[in-house]
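Enquirer: Pasting in a structure now, in structure tokens, and then I'll have a few things to ask.
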Amino acid sequence: MIRFKSILKNILILSLIQLTNTVYTQEARSLWSGAELQLPFSKAFRVTLSPELRLTDEMKVDEYILEAEAQLRIHKLFQPTVSYRFYRFYDDPGEYFNGQRLGIGVNSLVELGRFKVTNRIYYFHRIINRYGYGYSIETRREIREGLKLTYNIPRTKLEPFIQAEIYYDISPNRNHEFSKIRVRTGLEYPFNKRSSMDIFFQIQDKLNTNNPLRTYTIGIFYNYKFPMPKPKAVDLE
């Protein structure tokens, strides 16, 4: 357990150092908002629906997302997950992209007193259709791993967290290398046992590129968990 804490600490520290030392030529700011709706079909299986809207600092639509995720809880340390996302994002005026993304991964959870550590590692396969000044199809593949540390403050509902995530690009005809890093810190505020609100601040850097870009993001998300279906009554007659 001590070794696990040490690994988590080192990953978070290295992520923060990377963000601090990155030399970047461009900056962007954005606002992300959305919802996460959990539909538990049993204690071991659930489906999550996640609509999301992302805006630029000029309050223009940058991207909208519709995602569905299915998760099977075999053990706290082994929760296989499959997800599908449809999204549209914009670039230059008159040009936009439609994307579809399939993800396969594993989530893990470790509870250490008032601390909760979650880890997820995913493989994503994306197909992007580009429209505007021409038409093209692009295939992208990546591996992502993210660690999140949450703390439950005694006698309050506030649960601050810090999260670090790294992207590794394995797309065809590209250099296989780290392409993006994110560090996020924020608060989870549960209204009741079914609903909560997440508010966070995030810094994201593009890596291994000739045009480094740093993006500052504020996020506001609402979470709701539907009640688990009650078992059907058995007719003994």
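Laboratory data are not the source of any read-out in this text; all were calculated from the coordinates shown. All values reported here derive from a predicted model rather than from experimental measurement. Counting neighbours? That spans all protein chains shown, and the Cβs are built from the backbone with ideal geometry, glycine included.
Enquirer: Against the 2.2 N^0.38 Å scaling, with N counting residues, where does region 143-216 land? I'd like the Cα-based Rg ratio to two decimal places.
Expert: Relative to the rule-of-thumb radius for its length, region 143-216 sits at 1.44.
Enquirer: Number of Lys-Lys pairs in region 2-225 under 15 Å by Cα, sequence gap 8 or more or different chains?
Expert: Here the count comes out as 13.
Enquirer: Treating the Cα atoms of region 2-225 as identical point scatterers in vacuum, please give the log10 of the normalised Debye intensity I(q)/I(0) at q = 0.07, 0.10, 0.13, 0.16 Å⁻¹, two decimals.
Expert: With no solvent term, the Cα-only Debye profile gives -0.24, -0.50, -0.88, -1.42.
Enquirer: List the trypsin sites (Lys or Arg not before Pro) within region 30-128 that fall in a DSSP loop (any state other than H, G, I, E or B) and whose Cβ has at most 15 other Cβ atoms within 10 Å.
Expert: Counting only loop positions with at most 15 other Cβ atoms within 10 Å, the trypsin sites (Lys or Arg not before Pro) in region 30-128 are LYS43, LYS60, LYS76, ARG114.
Enquirer: While we're here: State, as an integer percentage, the relative contact order of region 2-225 based on alpha-carbon contacts under 8 Å between residues 6 or more apart.
Expert: Taking the mean separation of contacting Cα pairs over the length of region 2-225, I get 18 percent.
Enquirer: A further question on this structure: For region 72-189, just the Cα set please: Rg and Dmax, both in angstrom.
Expert: Using the Cα atoms of region 72-189, the pair Rg, Dmax is 17.9, 58 Å.
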